[in-house]
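First up is the structure itself, then whatever we jot down about it.
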Amino acid sequence: MKQLFYLIVFTIWALLVFLAPDSTYWRDGAEFILTAFYLDIIHPAGFPLYSQLANLFSLLPLGPIAWRVSLFSNCVFVLLLACVCFFTYYLTSTLKGLSTFSRTALSILAVIITLLLPSLVKQALIPEAYTLNALLTFILVWSYIRFIKTGDFRIYIFSGFIAAMSIANHVSAALPALLFFILTFNAARKKPQAILAALIFGMGGLLTYTYIPIRAKASPSLNSGYVSTAEKLIDFLSDKRDRLLRPARTSTTQARSNLLTALMSDFTTDLRKIAAESSLFLPLLAAAGLLLLGFADLRIAGALCGVAFLNWLFFKRWDPDPWVTLFSVLVILSCYLAGYGLSVVKNYKLQSILSIVFAVGFLGVCFNPIVLGVSSVKNYKIPAQIAEYDLSAADFNSVFVSEACWFIYKYIRDIEGYRDDIVLVYQPSLLFPRFFRRTLLHRRPALFYDSHAHSTAISDSAEADLENLARLVNFTSAGQNSFAFEPNSLLNKYFRPVAQQNPSGLLELYYGKAGFADAEYLRRTSVRLKLLHSSFAYTWPALRADARNFFEIQLINQADLRSRLNGPQAAASLIKQFCSPDDINTCSTAVMNNLAVYLKQAGEHLQAVKLLARLLLHAGGHKSSLRRNFIQFYTRLSASEKKNLQRNREVSSVIKLLGL
């Protein structure tokens with residue numbers, strides 16, 4: 001049976017390698033490829049362990065750079081599958097009356113169920129740190145199990161190093177590391193020198209983070225955080241940047257004032273996402289398996305439950321992508337429950353038959369979805385194609401300001417070597433240079449380029465500084481080069497009167513030319529959005545969610561531009577082409593909230609309030625931005641309009657919910 005397991009794992013790895021994408025993926029894919037190839041510094045907290053390990057794979061003399069980094073993700077995922085398989089076999093081996101054949105079959109079944117989960121399979125193909133985070137967490141859990149079983153303090157000391165390396169990969173690993181030392185405190189305090197040794201080894205693992213300030217001193221082109229001082233390093237490792245750039249709005253409502261109520265609301269919201277990812281059966285079966293395991297060995301059950309809960313707690317209200325540890329634990333506990341059920345059957349032959357039926361049945365049902373999902377990720381090249389098209393339409397030696405797709409543009413320019421004449425400027429580095437690499441520009445004949453060797457007029461402020469944007473425009477205009485940018489709410493606001501249309505859908509400023517955007521430009525952008533919207537045809541859930549996210553970013557920015565060109569009614573009409581107000585599931589809450597604002601600005605107050613009521617009921621009344629807009633819009637209605645709306649069941653329910 002071991003040979004069969006090795007064959008299955010190798011087959012899975014070979015399939016993943018064959019279907020690994022050779023181009024960048026949406027979200028953080030391009031950013032992780034850049035840091036793997038150049039050892040640059042990406043968004044907090046830097047992920048130094050992932051960057052350095054992926055860099056080794058980027059040096060392989062095989063295939064494109066993107067494929068090499070994806071190969072690293074393949075290998076980490078296969079190791080995670082081995083961990084899931086091993087834990088399943090180990091836990092089922094504690095069940096009396098269960099044959100070796102059945103335990104092996106259940107272990108293989110755990111691998112198959114893991115391959116059913118779209119987000120986990122996607123993590124196996126794209127550059128991302130979550131799978132490595134889960135792998136190191138399971139190594140830490142196994143160290144805990146071995147330590148409590150054997151009392152070997154060498155394992156305890158080794159765990160200190162593993163915990164530190166986990167944190168060096170992702171700061172969320174600090175929670176399971178803390179859990180480990182809490183669970184082992186009673187046993188470890190008998191030998192204080194072992195605690196000291198574990199801390200020393202842990203500090204050695206944390207030295208991985210010294211890579212960030214050392215590399216930052218070289219001023220790489222991708223230098224998030226601009227970590228030049230100890231204060232900036234602390235800001236970078238914490239969430240201070242995100243708290244300043246995207247300040248959270250604290251709800252003053254009673255429903256959100258209670259921490260437990262808020263936590264339960266988050267749990268309910270995320271449980272729906274888990275059910276959409278794996279069906280509700282998986283968490284229910286896992287809960288039953290956890291209960292049975294708790295009776296058998298409370299410490300192991302507590303460790304598995306603890307790391308799964310902490311994984312969710314750190315990433316609550318996110319997409320399912322970071323919940324790799326959580327989903328893996330759910331699979332292990334579900335298979336343990338199946339093993340418990342089989343152990344009741346005392347006939348080994350019947351056990352073996354049932355095990356084979358389970359495994360073959362799952363494989364038969366899941367093989368096509370697995371291949372479909374993996375191949376869909378490989379073939380999803382729309383973001384890279386759009387970015388390449390945008391670069392092709394930009395003028396020679398132009399300055400190109402971007403935010404949403406900047407990493408994809410940079411990947412295409414720097415790694416694929418396309419349009420290296422263009423200067424790419426990351427928009428937040430202009431507005432918040434304290435948290436990003438400063439935009440340093442130096443002029444030489446017919447060329448602008450990023451350089452750390454020359455001084456600049458760009459200021460270094462913690463607050464948004466629009467003067468930096470003005471300085472960049474003046475600098476560009478002095479050289480009579482064009483200035484291109486992706487439409488977004490900030491640049492639309494300031495540059496719309498002077499910006500000209502671009503064949504690809506971008507806007508440009510030309511020296512000495514007036515701006516305009518005619519009907520043909522609007523038609524082309526609509527065609528672009530329809531092309532992106534067609535990518536929703538992907539049936540694989542994880543890919544469809546990412547395709548929708550990429551589309552909606554483009555839609556929101558274009559709608560903002562339409563509202564400034566032709567008024568809010570034009571923006572609302574554009575969104576309605578793709579998002580039906582009668583079906584709030586056609587687009588995200590953020591897009592539908594924008595639609596409600598445009599409807600209100602266009603004078604369609606009743607429609608805006610009805611849409612917000614529908615969204616609030618869907619969100620359980622806990623979305624602060626929706627609550628705020630609903631209260632504002634509703635209180636400004638006339639008495640007759642309020643009376644008319646109170647007949648609407650959804651609006652009346654929200655009025656009672658908010659106590660209006």
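The values are calculated or read from the model by the stated rules, or taken from the named source; none is laboratory data. Fair warning: this is a prediction, and the values are worked out from it, not measured in the lab. Methodologically, a virtual Cβ is constructed for each residue, glycine included, from the backbone with ideal geometry; neighbour enumeration extends over all protein chains shown. Heavy atoms of the whole protein, side chains included, go into the accessibility calculation; ligands, DNA and RNA do not. Shrake-Rupley method; radii C 1.70, N 1.55, O 1.52, S 1.80 Å.
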Exercise. List every residue whose amide H lies under 5 Å from the amide H of LEU507, counting only residues 5 or more places away in sequence or on a different chain, with H placed 1.01 Å from N in the peptide plane.
Key: PHE485
Quiz item: Taking every DSSP beta bridge that has both residues in the chain, what percent is antiparallel when rounded to the nearest 5?
Solution: 50 percent
Quiz item: So between ARG628 and SER652, what do we pick up on full extension, going 0.36 nm a residue minus the alpha carbon distance?
Solution: 7.0 nm
Exercise. Give me the lysines in straight-line cross-link reach of LYS96: C-alpha distance below 26 Å, same-chain residues under 8 apart excluded.
Key: LYS2, LYS149, LYS346, LYS349
Self-check item: Contour minus Cα-Cα distance for GLU231 and ASN566 (0.36 nm per residue)
Solution: 116.0 nm
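Let me check I've understood the local charge: for ALA484, count other residues with C-beta under 12 angstrom from its C-beta, Lys and Arg +1, Asp and Glu -1. What total comes out?
-3
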Practice problem: State whether the range 101-252 is rounded, prolate or oblate according to the following rule on the C-alpha gyration tensor (a ≥ b ≥ c being the square roots of its eigenvalues): a/c under 1.5 gives rounded; otherwise a/b larger than b/c gives prolate, and the remaining case gives oblate. | Solution: oblate
Quiz prompt | Where the chain is the region considered: accessible area per residue in Å², 1.4 Å probe | solution = 43 Å²
Practice problem: Quote the relative contact order of the chain in percent (integer), defining contacts as alpha-carbon pairs under 8 Å separated by 6+ residues. | Solution: 13 percent
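Under 1.5 on a/c is rounded, so check that first for the range 88-187, then, if it is not, pick prolate when a/b is larger than b/c and oblate when it is not; a ≥ b ≥ c are the square roots of the alpha carbon gyration tensor eigenvalues. Can you show the working numbers first?
On the way: a/c = 2.95, a/b = 1.10, b/c = 2.68.
Oblate.
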Quiz prompt | Of the DSSP H helices in the chain, those whose Cα atoms cover at least 27 Å axially and whose Kyte score averages 0.0 or more | solution = 65-92, 130-150, 259-278, 324-344, 348-379
Quiz item: Can you give the Kirkwood hydrodynamic radius for the range 157-212, in Å, rounded to one decimal and based on Cα pairs?
Solution: 11.3 Å
Quiz prompt | Burial ranking of peptide ranges 641-652, 568-579 (average Cβ count within 10 Å, highest at the top) | solution = 568-579, 641-652
Quiz item: With a Cα-only, solvent-free Debye model of the range 41-85, what are the log10 I(q)/I(0) values at q = 0.16, 0.20, 0.22, 0.34 Å⁻¹?
Solution: -0.50, -0.71, -0.80, -1.08
Quiz item: So if we plug the beta-carbon distance of ASP420 and ASP583 into 1/(1 + (r/R0)^6) with R0 = 45 Å, what FRET efficiency do we get, rounded to 0.05?
Solution: 0.50
Quiz prompt | Computed E for LYS530/LEU313 - FRET, C-beta separation, R0 51 angstrom, nearest 0.05 | solution = 0.80
Quiz item: From the residues ASN186, ILE167, CYS83, which one has its Cα farthest along the dipole of the range 42-201 in the positive direction, the dipole being from +1 and -1 charges on Cβ of Lys/Arg and Asp/Glu about the Cα centre?
Solution: ASN186
Quiz item: Which value in deg cm²/dmol, rounded to the nearest 500, describes the helix-derived mean residue ellipticity at 222 nm for the chain, given -39,500 (n - 2.57) per DSSP H run of n ≥ 4 and division by the residue count?
Solution: -21000 deg cm²/dmol
Quiz item: Using Cα pairs under 8 angstrom and six or more residues apart, how large is the relative contact order of the range 70-165, in percent?
Solution: 32 percent
Quiz item: Considering the dipole of the chain built from charges on the beta carbon (Lys and Arg +1, Asp and Glu -1) around the Cα centre, which of SER477, GLN385, GLN3 is farthest to its positive end?
Solution: GLN3
Exercise. At 7 Å along the Cα-to-beta-carbon direction for both ASN347 and ASP395, put a label point, then send me their distance in nm to one decimal.
Key: 8.3 nm
Exercise. For the range 536-660, give the magnitude of the charge dipole about the Cα centre (Cβ charges: +1 Lys/Arg, -1 Asp/Glu; no others), in debye to the nearest 20.
Key: 460 debye
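Fully extended, how many nm does the chain gain between ALA470 and ALA287 (0.36 nm per residue separation, minus their Cα-Cα distance)?
Gain in length upon complete extension: 60.2 nm.
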Quiz item: Say each of LYS493 and ILE214 gets a label point 7 Å from the Cα, pointing the same way as Cα to Cβ; how far apart are those two points in nm?
Solution: 4.3 nm
Exercise. For the range 394-409, take each phi angle, set θ = phi - 60°, evaluate the Karplus expression 6.51 cos²θ - 1.76 cosθ + 1.60, and give the result in whole Hz per residue in order, putting x for glycine and proline.
Key: 6, 5, 5, 6, 7, 9, 10, 9, 8, 9, 4, 10, 4, 5, 5, 4
Quiz item: Which FRET efficiency value, to the nearest 0.05, is calculated for SER640 and THR150 with the Förster distance at 51 angstrom and r the Cβ-Cβ distance?
Solution: 0.10
Quiz item: Of all accessible surface on the chain at a 1.4 Å probe, what whole percent is carbon and sulfur?
Solution: 62 percent
Quiz item: How big is the charge dipole of the chain about its Cα centre, in debye rounded to the nearest 20, if each Lys and Arg gets +1 on its Cβ and each Asp and Glu gets -1 on its Cβ?
Solution: 1680 debye
Quiz item: Setting aside same-chain residues fewer than 8 positions from LYS217, which aspartates and glutamates have a Cα under 17 Å from its Cα?
Solution: ASP40, GLU231, ASP235, ASP450, ASP460
Self-check item: Rg/Rh (Cα only; Kirkwood hydrodynamic radius) as it applies to the range 1-119
Solution: 1.08
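Students often get this wrong, so check it: of LYS122/LYS316; LYS410/LYS493; LYS410/LYS530; LYS240/LYS378, which have C-alpha atoms separated by over 30 Å?
In this structure, LYS240/LYS378 exceed 30 Å between Cα atoms.
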Practice problem: Rank-order 522-535, 281-294 by packing density, defined as the average count of other C-beta atoms within 10 Å over each peptide's residues, highest first. | Solution: 281-294, 522-535
